[in-house]
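Enquirer: Quick one: the structure is below, questions incoming.
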Amino acid sequence: MSYLTSESKAKYFSEFGGKAQNTGSIEAQAAILTEKINHISDHLKTNKKDFSTQRGLMQMVGKRKSLLSYLSKHNLTGYRALIEKLGLRK
């Protein structure tokens, strides 16, 4: 049972990537990873011993970090806007 349906993914791609077909947008990929990370973090608050999910969470965090690092090197204003919009790095 997936919590991210194709409609919700299309919404993220259109909101952060410009249009729904722009699935390669770094901003949209980081936004979807942030949504997945938030969902898994809520799961791990109740299931503290779910270590395989915890490993997957760490992989997603690393992937998001690399995407944001790339974005900060190539488009600093877009990076700052994305960080503000997603509520990261308080």
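Enquirer: Pull up the range 71-90, narrow it to residues that are hydrophobic (A, V, I, L, M, F, W, C) and within 19 Å of Gly24 (Cβ to Cβ), then point me to the one that is surrounded by the most Cβ atoms within 10 Å (Cβ to Cβ). Break it down into steps so the answer makes sense when it comes.
Expert: Initial filter on the range 71-90 (hydrophobic (A, V, I, L, M, F, W, C)): 71, 76, 81-83, 86, 88.
If we keep only those that are within 19 Å of Gly24 (Cβ to Cβ) too, we end up with 71, 81-82, 86.
Working: Leu71: 19, Ala81: 13, Leu82: 22, Leu86: 18.
Among those that are hydrophobic (A, V, I, L, M, F, W, C) and within 19 Å of Gly24 (Cβ to Cβ), it is Leu82.
Enquirer: Name the residues in the range 27-47 that are outside any loop (DSSP other than H, G, I, E, B) and more than 8 Å from the chain's Cα centre (by Cα), would you?
Expert: If the condition is that a residue be outside any loop (DSSP other than H, G, I, E, B) and more than 8 Å from the chain's Cα centre (by Cα), then Glu27, Asn38, His39, Ile40, Ser41, Asp42, His43, Leu44, Lys45, Thr46 are the ones that fit.
Enquirer: Another one. So which pairs qualify, if the first residue must be in the range 78-90 and farther than 14 Å from Asn38 by Cα, the second must be charged (D, E, K, R), the Cβ gap must be under 6 Å, and the two must be at least 6 apart or on different chains?
Expert: Leu82/Glu27; Ile83/Arg89
Enquirer: Here are the criteria: (1) modelled with pLDDT of 95 or more; (2) out of contact with any helix residue (DSSP H, G or I) (no Cβ under 9 Å at 6 or more places or on another chain); (3) among the aliphatic types (A, V, I, L, M). Tell me which single one Ala10 does not satisfy.
Expert: Of (1) modelled with pLDDT of 95 or more; (2) out of contact with any helix residue (DSSP H, G or I) (no Cβ under 9 Å at 6 or more places or on another chain); (3) among the aliphatic types (A, V, I, L, M), only one is false for Ala10: (1).
Enquirer: Could you please let me know if Thr5 is open to solvent by 50 Å² or more (accessible area, probe 1.4 Å) and among the hydroxyl-bearing types (Ser, Thr, Tyr)?
Expert: The answer is yes for Thr5.
Enquirer: Next up: Could you give every pair whose Cβ atoms fall below 7 Å, whose first residue belongs to the range 12-35 and is without any contact (Cβ under 8 Å) to a residue 12 or more places away in the chain, and whose second residue is in a helix (DSSP H, G or I) and not hydrophobic (A, V, I, L, M, F, W, C), counting only separations of at least 6 or pairs across chains?
Expert: Close Cβ pairs satisfying both conditions: Gly17/Glu27; Ala20/Ser14.
Enquirer: Out of the residues in the range 35-65 that are among the charged types (D, E, K, R) and either in contact with a Phe, Trp or Tyr (Cβ under 6 Å, 6 or more places away or on another chain) or farther than 24 Å from Ala10 by Cβ (or both), state the one that is least open to solvent (accessible area, probe 1.4 Å).
Expert: Asp50
Enquirer: Among (1) farther than 22 Å from Glu7 by Cβ; (2) under 16 Å from the mean Cα position of the chain (by Cα); (3) open to solvent by 40 Å² or more (accessible area, probe 1.4 Å), where does Leu68 come up short?
Expert: (3)
The values are calculated or read from the model by the stated rules, or taken from the named source; none is laboratory data. Only a predicted model underlies this, so the values are computations on that prediction, with no experimental measurement involved. Neighbour counts are summed over all protein chains in view; Cβ atoms, including those assigned to glycine, are modelled from backbone coordinates with ideal geometry. Keep in mind that these areas ignore ligands, DNA and RNA; they rest on the heavy atoms of the full protein, side chains included. Shrake-Rupley method; radii C 1.70, N 1.55, O 1.52, S 1.80 Å.
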